[in-house]
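The values are calculated or read from the model by the stated rules, or taken from the named source; none is laboratory data. None of these values were measured; they are calculated from a predicted model. All Cβ positions, even for glycine, are placed from backbone atoms using ideal geometry, and neighbour counts span all protein chains on display.
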Amino acid sequence: MPAPRLRHGALALLAAAALALGGCAATGDPLEPVVQGQWTLASATQGGGQLNFDGTTVTLTAEADGFSGTGPCNAYGAAIAGDTANLEILSFLPAEETCDGAVMKLETAYFGLLRGATTAARDSGQLVLAGGEGELRFDPAPATGAADALVGTTWTLQSVTAQGAEVPIAPGADGAVPTLTLGEDGRTSGSTGCRDIALDYAVADGQVQFDGFPAETPECSAETVAQDDVLFTLLGFGFPVDITDGVLTVENAEFGLVATFAS
């Protein structure tokens, strides 16, 4: 049986120690916000073959400049540098608990793939860490705190304001009012009234960030295009989770844009 896992405080100590050993890693932000957050291992591929992690729970917390989490047996921390397209693991500190042979073999494979990761990207809601020997795929961990009310709820557009002026809500071609849903799989669904909202997203430190934006706006009515511009601008810059009495408020003060959604 696996040895008892380290508590959260030990995870924090390992992460802090890894950052200290990493030196300059703590001064930059190698990981983009959309790949940060809490993740659970979904699959692992090594040398073209699938590794079987059934019966284990492997976690990863991705922050701007480091990883931490729990492997099949031990907690770990890592400092990183570079960027999402060219990652470099500067230091890697696992705890040193001993588990049975099969579990330790899995942990060795997981830690090897994590150390060897050179890219971090989102794909269909998952976080993918890939390198020369294989890849690790993670699902978003279940939402907690304020994000728990955000994720899995269908939010219906209630109001749009641009530079202090209210923008009339324009329904889509099917007559439906625009909606936004942040799924538990790390993907969004919904519509701006002009086009579907199909993006990857992540919630980290109470902030929501999105990725996978389409390059062009499709042909739509003038009203829905204006609405689409406001909504995609708000999503493009991300926003803090702000839910009061069942109303989600999304605001960008720099551009004077505000949208509210009702649950």
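Couple of notes before you dig in:
- Looking only at residues of region 34-43 that are under 15 Å from the mean Cα position of the chain (by Cα), polar (S, T, N, Q) and in a strand (DSSP E or B), we find that the one that is surrounded by the fewest Cβ atoms within 10 Å (Cβ to Cβ) is THR40.
- Condition check for THR249 on (1) of a type in the set (Val, Ile, Thr); (2) touching a strand residue (DSSP E or B) at 6+ places or on another chain (Cβ under 7 Å); (3) in contact (Cβ under 8 Å) with a residue 24 or more places away in the chain: one failure, at (3).
- Within region 88-111, if we keep just the residues that are touching a residue at least 60 places away in the same chain (Cβ under 8 Å) and part of a helix (DSSP H, G or I), the residue that is nearest to the chain's Cα centre (by Cα) turns out to be TYR110.
- Hey, PRO178 surrounded by 14 or more Cβ atoms within 10 Å (Cβ to Cβ), at pLDDT 95 or above and over 22 Å from the mean Cα position of the chain (by Cα) or not: yes
- Complete set of residues in region 209-225 that are charged (D, E, K, R) and outside any helix (DSSP H, G or I): ASP211, GLU216, GLU219
- Single residue of region 157-170 satisfying the filter (surrounded by fewer than 17 Cβ atoms within 10 Å (Cβ to Cβ) and in contact (Cβ under 8 Å) with a residue 40 or more places away in the chain) that is farthest from PHE67 (Cα to Cα): PRO168
- Test: residue in region 166-173 that is of a type in the set (D, E, K, R) and either closer than 25 Å to ALA141 by Cβ or not in a strand (DSSP E or B) (or both): no
- Test for GLY145: is it surrounded by fewer than 17 Cβ atoms within 10 Å (Cβ to Cβ) and in contact with a helix residue (DSSP H, G or I) (Cβ under 7 Å, 6 or more places away or on another chain): no
- Only one entry of GLY175, GLY193 meets the criterion of being at positive phi and touching a Cys at 6+ places or on another chain (Cβ under 9 Å), and that entry is GLY193.
- So PHE232, is it buried (at least 18 other Cβ atoms within 10 Å of the Cβ), touching a helix residue (DSSP H, G or I) at 6+ places or on another chain (Cβ under 6 Å) and not small (Gly, Ala, Ser): no
- In region 44-87, the residues that are assigned to a strand (DSSP E or B), surrounded by fewer than 17 Cβ atoms within 10 Å (Cβ to Cβ), touching a residue at least 24 places away in the same chain (Cβ under 8 Å) and more than 17 Å from the chain's Cα centre (by Cα): THR45, GLN46, ASN86
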